[in-house]
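*Asks:* Pasting in a structure now, in structure tokens, and then I'll have a few things to ask.
Read the figures in this text as sums done on the coordinates, not as results from a lab. The structure displayed is predicted, hence computed values, not measured ones. Using ideal geometry, Cβ is built from the backbone for each residue, glycine included, and neighbour counts are taken over all protein chains shown.
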Amino acid sequence: MSFHLLGWLAVLCYAAAEAAAIVSLVSPRSRLAWLTPALIGAGLALHFRDLLLRARALNSVPYRTLGGSVSLFGWMLGIAFLVLLLRHREQAIGPFLIPFIMLTTAGGLLLPDAGSPPAEGTHGALFALHVTLGILAYAAFTFSFVLSILYLIQDRQLRRRQTGLLFSRLPALEVISRMNRTSVTVGLCALTCSLVIGLARASVIWTTLADPKITFAVVTAMVYGLLLWKQRRGWQGPKVAILSILGFGLVMFSYTIVNVYLSRAHRFR
Amino acid sequence: MNGVSEAKLLLLGWNFRTAAMAVRERVAFSSEEIPEALERIRADGLVTEGVIVATCNRSEIYGVVEREGASESLTRLISEWRGLDFGEAAAGSFYREDAEAARHLFRVAAGLDSLALGESEVLGQVRTALRLAREARATRAVLHRMFEGAVAAGKRVRTETEIARHPLSVPSIGFELATKVFGDLSERTILVLGAGETGTLFAEQASGAGAHDLRIANRSRARGEELAARIRGKLVPWEELARALPEADVVVGTTASPEPVVTKAAVEAAMRERRGRPMFFLDLAMPRDFEAGIGDLYNVYAYGLDDLREVAEENRRRRSREVPRAEAILEEELAKFLGWFGNLAVIPTLTGLQARLAQLRDAELARIPEGERERYRAFADSIAAKLLHEPMRRLKSETDASRKLDRVEAVRHLFDLDA
């Protein structure tokens with residue numbers, strides 16, 4: 001199963017969901033609205049099965065390898081998308097979020113699948129929860145990033161009186177803001193829990209907590225914490241979107257450069 | 001179609017393209033006058049069915065006629081009734097027959113013939129026209145079907161194209177922009193400055209759109225109170241405007257003040273009090289009610305008349321681009337009606353009836369041994385011919401075109417000839 005047939009079928013489902021979402025965006029009354037969540041759901045089921053097979057082949061959790069980690073990230077994005085869709089009932093965000101699910105899943109299938117031997121203490125249910133929550137947080141922050149971009153686009157269109165197709169289809173600024181807040185709240189809760197679990201375990205099994213990955217995770221949590229705190233105090237508008245984008249920059253740096261080159265304990269390759 | 005069907009569709013109308021306002025005013029029919037008008041045009045035997053579409057920009061009489069020259073007689077009747085010179089009435093009128101008459105109605109229902117392209121109100125007016133005609137017992141199968149078809153086509157055009165999507169009126173555009181900032185406006189606070197014509201229009205529109213928290217500020221307290229009471233809003237005393245500003249999410253300027261009534265400094269102060277929550281300013285006044293530069297403030301969205309007119313022009317262009325798609329839908333729906341109407345002719349119906357009987361005969365003959373079939377065929381044909389003779393004679397000799405259509409439709413329905 002190294003070809004990951006099920007994984008590629010999931011990518012196909014996500015691509016079809018993207019096509020349905022675009023049709024729904026262009027013609028909101030096309031009656032295809034139900035197809036997008038249905039296809040994402042089907043993709044997630046196939047994707048989950050592929051992750052299971054991958055875990056069996058590794059005889060370990062699927063995120064032990066870079067490919068597995070990215071693939072799980074894609075799966076979490078799919079789950080987060082469905083939650084966002086069901087919670088806010090805004091179909092218009094689909095075409096902008098689904099490509100991330102599609103690309104990360106495909107990336108996970110193409111990236112190396114051979115894992116290094118597990119580091120000390122990186123096993124067990126608590127470790128699995130720590131990693132899963134961490135990846136869920138990154139998925140939520142990814143959507144926060146996309147929603148922030150959409151916010152800035154809609155804000156720009158409003159200020160420039162550009163009332164074209166995209167303007168009429170994108171949700172109101174207030175709605176995008178609310179969705180962004182949901183994403184950041186979910187992400188921050190997940191990241192904080194992941195950090196607490198990780199730090200608790202690391203303090204037992206490691207001699208030092210001085211790992212760049214931990215530092216970046218703490219900084220990321222602080223940035224998003226600041227964002228939520230400022231929002232609660234009435235801070236709104238493009239500045240929130242920009243801070244959210246900066247936060248995502250940290251997430252990406254932490255997930256790529258730090259994971260691959262800087263961290264010793266959090267290395268997937 | 002005329003060659004096939006004995007009855008003819010007719011349209012005689014006056015609209016903003018063909019007639020001057022003075023003529024349109026004389027031939028305009030109110031809802032109360034329409035039953036009388038329908039009675040008059042049918043009493044003279046000019047039409048056997050009739051429907052009158054009356055809007056602020058058009059008076060159109062649709063009818064089923066069975067004799068030549070009906071349009072001239074109708075024009076004469078209307079001009080005499082409304083005290084209008086015949087020549088003047090005829091010069092401002094337009095006339096369509098059969099498919100062209102039906103096509104015109106379908107275009108009217110879709111808003112393609114309206115001054116504001118794609119406007120939705122006219123669809124309701126076409127529906128009302130049919131209802132009034134039905135209540136006056138002035139419609140039968142043909143116009144009923146034609147109007148139902150037009151309404152269905154109008155609905156399809158509005159749902160399948162963007163022709164009615166982009167607003168054209170200045171207040172509607174303002175509303176759309178505010179909705180794109182706040183989403184649902186029903187729970188937002190809307191402050192209208194001025195209780196004049198524009199202020200009243202906007203406040204009524206906002207109230208109709210479901211805004212619950214409407215506040216009116218007007219220099220003349222009495223006038224402000226009157227408007228606030230009418231829309232179930234609250235009055236903000238003019239001298240307390242600065243205090244009311246931070247509570248408002250949407251502020252609409254409609255006063256006749258020569259000086260701006262809301263300064264940039266006042267908005268800055270309001271934004272500080274709102275802790276940066278967005279504000280939306282819509283300036284419908286001339287000269288402007290809001291000081292220039294308000295829109296540059298953080299999280300403040302401000303639009304003036306020029307901005308809205310620019311958007312209206314762009315929206316008009318967008319609607320125009322949808323016309324070919326709308327026309328294609330109309331032709332599709334029109335073809336359905338014309339196909340049905342064409343089938344109402346006597347000859348195709350009788351031919352169809354004979355074919356149906358022959359089909360039944362052949363099906364029964366197939367169950368009989370081959371050697372005996374010819375004998376039974378002659379027997380069956382003889383019965384069918386005798387059975388059909390009288391109904392065919394009666395259908396052909398019917399002189400009332402509408403009654404003939406009703407009967408033809410009944411035959412087609414009973415024998416399922418349209419299957």
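*Asks:* What whole-number volume per residue, in cubic angstrom, does the convex hull of the C-alpha atoms of segment A:35-171 give?
*Replies:* So the per-residue Cα hull volume is 118 Å³.
*Asks:* Given labels modelled 7 Å from the Cα in the Cβ direction, how far is it in nm from B:PHE94 to A:TRP34?
*Replies:* Reported label-point gap for B:PHE94 and A:TRP34 is 4.3 nm.
*Asks:* From the P(r) of segment B:325-386, can you give the percent of Cα pairs sitting at distances over 14 Å?
*Replies:* 69 percent
*Asks:* Then there's this: With the contact rule set at Cα under 8 Å and sequence spacing of 6 or more, what percent relative contact order holds for segment A:151-264?
*Replies:* The value is 29 percent.
*Asks:* Looking at segment B:288-346, which trypsin sites (Lys or Arg not before Pro) are DSSP coil and have at most 12 other C-beta atoms within 10 Å of their C-beta?
*Replies:* none
*Asks:* Which net charge results for the neighbourhood of A:LEU147, defined as the other residues with beta-carbon distances under 11 angstrom from its beta-carbon, given Lys and Arg at +1 and Asp and Glu at -1?
*Replies:* +1
*Asks:* Are there GluC sites (Glu not before Pro) in segment B:37-146 that DSSP puts in a loop and that have at most 10 other Cβ atoms within 10 Å, and which ones?
*Replies:* Taking segment B:37-146 and a limit of 10 other Cβ atoms within 10 Å, the loop GluC sites (Glu not before Pro) found are B:GLU68.
*Asks:* Which length gain, in nm to one decimal place, applies between B:GLU187 and B:ALA229 when the Cα-Cα distance is subtracted from 0.36 nm times their residue separation?
*Replies:* 13.2 nm
*Asks:* What ranking do B:MET392, A:MET102 get, fewest neighbouring Cβ atoms within 10 angstrom at the top?
*Replies:* Exposure proxy ranking, most exposed first: B:MET392, A:MET102.
*Asks:* So what is the diffusion coefficient of chain A in µm² per second by Stokes-Einstein at 37 °C and 0.692 mPa s, using a Kirkwood Rh over Cα pairs?
*Replies:* Once the numbers are plugged in, D ends up at 171 µm²/s.
*Asks:* Give me the one-decimal nm value for the distance between modelled label points at B:ARG127 and A:TYR261, 7 Å along each residue's Cα-to-Cβ direction.
*Replies:* Each label point is offset 7 Å from its Cα along the Cβ direction, giving 6.6 nm.
*Asks:* On a 0 to 90° scale, report how tilted helix B:98-110 is relative to the longest principal axis of chain B, with both axes built from alpha carbons and the result rounded to the nearest 10.
*Replies:* 30 degrees
*Asks:* In segment B:214-324, how does Rg compare with the Kirkwood Rh, expressed as the Rg/Rh ratio over alpha carbon atoms?
*Replies:* Over the Cα atoms of segment B:214-324, Rg/Rh equals 1.05.
*Asks:* Starting from the 7 Å offset along Cα-to-Cβ, what nm value, one decimal, do you get for the label separation of B:ARG394 and B:ALA22?
*Replies:* Spacing of the two 7 Å Cα→Cβ label points: 5.5 nm.
*Asks:* Here is a follow-up. Here are some pairs, B:LYS155/B:LYS180; A:LYS230/B:LYS180; B:LYS155/B:LYS396; B:LYS180/B:LYS336; A:LYS213/A:LYS239; which of them have Cα atoms lying more than 30 Å apart in this structure?
*Replies:* Going by Cα-Cα distance, B:LYS155/B:LYS396; B:LYS180/B:LYS336 fall outside the 30 Å limit.
*Asks:* In segment B:13-69, which trypsin sites (Lys or Arg not before Pro) are in a loop and have at most 13 other Cβ atoms within 10 Å, using DSSP for the loop call?
*Replies:* Here the sparse-neighbourhood loop sites are B:ARG17, B:ARG67.
*Asks:* Provide the three semi-axes, in whole Å and in decreasing order, of the ellipsoid equivalent to segment A:44-86 as defined by the square roots of 5 times the Cα gyration tensor eigenvalues.
*Replies:* They are 21, 10, 6 Å, listed from largest to smallest.
*Asks:* When only alpha-carbon atoms count, how far does segment A:146-269 stretch along each of its three principal axes, as whole angstroms with the largest first?
*Replies:* Extents along the principal axes, in whole Å: 58, 32, 18.
*Asks:* Rounded to the nearest 5, what % of the DSSP beta bridges within chain B are antiparallel ones?
*Replies:* Of the beta bridges lying entirely in chain B, close to 45 percent run antiparallel.
*Asks:* How compact and how long is segment B:291-343, expressed as Rg and Dmax of its alpha-carbon atoms in Å?
*Replies:* In order Rg, Dmax, the Cα atoms of segment B:291-343 give 21.6, 67 Å.
*Asks:* How large is the convex hull of the Cα atoms of segment B:91-214 per residue, expressed in Å³ as a whole number?
*Replies:* Spelled out: Cα convex hull of segment B:91-214, divided by residues, is 164 Å³.
*Asks:* Per residue, what volume in Å³ does the convex hull of the Cα atoms of chain B enclose?
*Replies:* Once divided by residue count, the hull of chain B is 188 Å³.
*Asks:* Looking only at chymotrypsin sites (Phe, Trp or Tyr not before Pro) in DSSP loops with at most 15 other Cβ atoms within 10 Å, what is the longest site-free stretch of chain B?
*Replies:* With chymotrypsin sites (Phe, Trp or Tyr not before Pro) excluded where exposed in loops, chain B gives B:17-297 as its longest stretch.
*Asks:* Report for the protein assembly as shown the percent antiparallel among DSSP-assigned beta bridges with both residues inside it, nearest 5.
*Replies:* Antiparallel: roughly 45 percent of the beta bridges in the protein assembly as shown.
*Asks:* In the protein assembly as shown, how does Rg compare with the Kirkwood Rh, expressed as the Rg/Rh ratio over alpha carbon atoms?
*Replies:* 1.14
*Asks:* While we're looking at this one, here's another question. If r is the Cβ-Cβ distance from B:LYS386 to B:ASP418 and R0 is 22 Å, what FRET efficiency results, to the nearest 0.05?
*Replies:* Step by step, r from the Cβ atoms, then E = 0.30.
*Asks:* Continuing with the same structure: Based on a Kirkwood Rh over C-alpha pairs, give the Stokes-Einstein translational diffusion coefficient of segment B:289-408 at 37 °C and viscosity 0.692 mPa s in µm²/s.
*Replies:* So the translational diffusion coefficient is about 155 µm²/s.
*Asks:* Would you mind estimating how fast segment B:1-63 diffuses translationally, via Stokes-Einstein at 20 °C and 1.002 mPa s with the Kirkwood radius over Cα pairs, in µm²/s?
*Replies:* 170 µm²/s
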